[in-house]
Amino acid sequence: MPEVKTYGLWTNKGGVGKTTLTFHLATTYAHLFDNKRVIMIDMCPQANLSNTLLTHLVPTMGATPALVRGSAVVEQLKAGAEVPGMPAMDLPRTIAGYLHVANATGGYPMRPPEDFLVKVSSINPNCPDNIWLLAGDSRLDDMTITLAQRMQRQCPIEDCERTTLSMLRTMIKVLQQKGGPEWRDSDITVFIDTNPAFTEYTQLALCTIDELIVPVNADDFSLQAVDYMFNRVWNLFPDNNRFTRAVQGNSFAVRATERLRDLLPRITAIIHNRQNLRSSSSVAAAFQHLQDEAAQRVWRAFQEARRVQQDGEDFVFADKGNPNLEQFNLLYTGVMREMFGTGVASAHTGVPLHKVRERQTPIRALFRNTPVIRTNTVVAITADMLKLLSVVLDDHDLSRANQGRLLAMLRVNLLPPEMHRAALKRLLKWGRRKRAWRAAHNDDPDMTESEGEEDQYEDPPPEDNGAGPAANGAGAAAAPAANAAGVAAGPATNAAGVAAAQPPPQQAPSVASAAGPAGRMPGTPGAGPSNPRGGAAPATAPANGRKRTRT
């Protein structure tokens, strides 16, 4: 049976990384699940997702490639002009063009939906060839009044609000059932980028999303946005004073929870984005405090959603069992480190994470030979992104992904085959999530106690350690016998970097093992305030507590 799954990112705050995360999550997913048809829908008038996807490098006679901006391609799509692989048409080949047609015909597309989709690889060959884009359009703002009028229309033969909010769901269904040969009866996965403003087209986007991904930053404004989101979408924690009842009595949240509950998204992941894992202990403590506060607010909403659920169904969170707080943080939350130069280079050139190492020569030339792409940094960021994807998909070890490509993204394919699974387990830290999932479904809180060896090791370092050519992909100084997971390995060391059989005598304990279990999520017991990744604070610090500066 063909499957349709829709993911989207939204929070009522700008600047938290929705577009960047959508780009990286969707392109990583498409690369790992090459048997799926992936549609990316840009529901933001700024069209930043479209600009990034359609930006591409063009070889030239010189050493520096030419950069074709995606914004120029978006303007062609808005004009309905001919683009590679697509003839000219009399409508914008954008989200605004599609909604115009669907709105005029009662929410049902009278024109084939594939006419509005662009195969991204036909323009940007660095992207996987199973991605299609419904491009953003600045005129989406102009359609707000039109959508609002249709949603409020009274009609005896149809629910106009439901059909309007279902326009994109209908498009995907028609595409799968009546589309061309490459679409009919195929598995379709959709990723939607949204606008923070809670407009009618944002409501349309939310009602298209099955599972919602919520990015937050470590600041008070993100915390306020979390509270706003739960109230405005699912009507949790309503303010019952007389003024609020008068103003919000017919709000979207009230109408949706009463009549459109089946269209509302379920939260599948909370992403603590742009975490600087190299901060000083005082900065790390501040970050950790705000992360813990966000985790507590989301946990409180989870408990409230379970309290008000109807017919035994949670309409706010995706079903991942019956977790306690520690299990909830492992199953629903993830951390994405600051991407620094790698993220800038990737978004600026339209090159996804899985391709930046391969394309680092032209990227470096474009940045005036600055080494913006560092292998160990890419591996560390990729590991974070894959951990987030495992939380989003509720697939702790990404067992359904293309395993060859998964191994190559983390450079684990450089190891002997018998070491692959242990190395993946260490890098992706999926052992604790697996135990949390089992515990949440069996209601056995004791099953999340640390048992796996992967909990004793930190992620690969985020920057080069100056080891030069002898450093491997994860950034650790490597002798010829070192493995690809970034741990110096002798004959008696396995792929996870754990000493096996007979360890050398008088071996000093590593910093990671001395620090205790690592990789705990915000709000989880054991995640001390001095270390944003859990465990104890570093054993040493500068004597005067100050960073050394150059004068």
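The values are calculated or read from the model by the stated rules, or taken from the named source; none is laboratory data. Being a predicted model, the structure only gives us computed values, none of them experimental. Note that we place each Cβ from the backbone using ideal geometry, even for glycine, and neighbour counts take in every protein chain shown. We work out accessible area using only protein heavy atoms, side chains counted, and drop any ligands, DNA or RNA first. Shrake-Rupley method; radii C 1.70, N 1.55, O 1.52, S 1.80 Å.
Brief remarks follow.
- Segment T144-N240, extension gain: residue separation times 0.36 nm, minus the distance between their alpha carbons: 31.7 nm
- For segment 259-414, projected area of the alpha-carbon convex hull averaged over all directions, nm²: 12.3
- Rg/Rh, computed from the Cα trace of segment 321-379 with Rh as the Kirkwood radius, has the value 1.24.
- Theoretical FRET efficiency, 1/(1+(r/R0)^6), r = Cβ-Cβ of R421 and D319, R0 22 Å, to 0.05: 0.20
- Remark: segment 253-346 is approximated by an ellipsoid whose semi-axes, taken from the C-alpha gyration tensor as √(5λ), come to 32, 17, 11 Å, largest first.
- Surface exposure of segment 156-263, expressed per residue as accessible area with a 1.4 Å probe, stands at 41 Å².
- Spatial separation of Cα centroids for segment 248-302 and segment 1-56, in angstrom: 20
- Looking at segment 1-92, the trypsin sites (Lys or Arg not before Pro) that sit in a DSSP loop and have at most 15 other Cβ atoms within 10 Å of their own Cβ are R69.
- Spatial separation of Cα centroids for segment 117-195 and segment 316-390, in angstrom: 27
- For segment 157-207: relative contact order, % (alpha-carbon pairs under 8 angstrom, 6 or more apart): 39
- Members of K5/K320; K18/K78; K36/K173; K13/K387 lying beyond 19 Å, as alpha-carbon distances in this model show: K18/K78; K13/K387
- Global geometry of segment 120-174, whether rounded, prolate or oblate, following the gyration tensor of its Cα atoms and the 1.5 cut on a/c: oblate
- With every protein chain in place, segment 1-77: carbon and sulfur % of accessible area (1.4 Å): 51
- 3J(HN,Hα) along segment 63-76: 7, 9, x, 8, 10, 8, 5, x, 4, 5, 5, 4, 5, 5 Hz, from the Karplus curve 6.51 cos²θ - 1.76 cosθ + 1.60 with θ = phi - 60°, whole Hz, x for Gly and Pro.
- For V4, residues with placed amide H under 5 Å, excluding near neighbours: I188
- Taking the inverse of the mean 1/r over every pair of distinct Cα atoms in segment 21-64 gives a Kirkwood hydrodynamic radius of 12.5 Å.
- Charge context of L57, other residues only, Cβ under 13 angstrom, K/R +1, D/E -1: +3
- Solution diffusion estimate, µm²/s, Stokes-Einstein, segment 295-343, Kirkwood Rh from C-alpha pairs, 4 °C, viscosity 1.567 mPa s: 104
- If R0 is taken as 51 Å, the Cβ-Cβ distance between V344 and C155 corresponds to a FRET efficiency of 0.55.
- Whole-number D in µm² s⁻¹ for segment 52-94, Kirkwood Cα-pair radius fed into Stokes-Einstein, 10 °C, 1.306 mPa s: 139
- Nonpolar atom fraction for segment 220-262, defined as the carbon and sulfur part of the 1.4 Å probe accessible area, stands at 50 percent.
- Normalising the Debye intensity of segment 67-202 to I(0), with uniform scatterers on Cα atoms only, and taking log10 at q = 0.13, 0.18 Å⁻¹ returns -0.59, -1.11.
- The stretch between T60 and F221 holds 53.4 nm of extra length on full extension. This uses 0.36 nm per residue minus the Cα-Cα distance.
- Residue-wise HN-Hα couplings along segment 242-255, as the Karplus relation 6.51 cos²θ - 1.76 cosθ + 1.60 with θ = phi - 60° gives them from phi, are 4, 4, 5, 4, 6, 7, 9, x, 10, 6, 4, 4, 5, 5 Hz; Gly and Pro carry x.
- Shape call, segment 134-203: gyration tensor on alpha carbons, a/c limit 1.5: oblate
- Relative frequency of Cα-Cα separations exceeding 25 Å in segment 1-140, percent: 29
- Mean separation of Cα pairs under 8 Å and 6 or more residues apart, divided by the residue count, gives segment 117-213 a relative contact order of 21 percent.
- Projected label distance in nm at A286 and K178, using a 7 Å step from Cα toward the beta-carbon: 5.7
- Inter-label distance, nm, simple model (7 Å from Cα along the C-beta direction), T361/Q303: 5.8
- For the pair Q296 and A104, label points projected 7 Å from Cα toward Cβ lie 5.5 nm apart.
- Label reach from D115 (point 7 Å along Cα→C-beta): in segment 175-192, amide nitrogens under 17 Å belong to 175-176, 178-181.
- For segment 153-268, radius of gyration divided by Kirkwood radius, i.e. Rg to Rh on alpha-carbons: 1.03
- Each Cα pair under 8 Å and six or more residues apart adds its separation to the average, and for segment 373-439 the resulting relative contact order is 38 percent.
- Rg over Rh, two decimals, segment 249-300 (C-alpha only, Kirkwood Rh): 1.22
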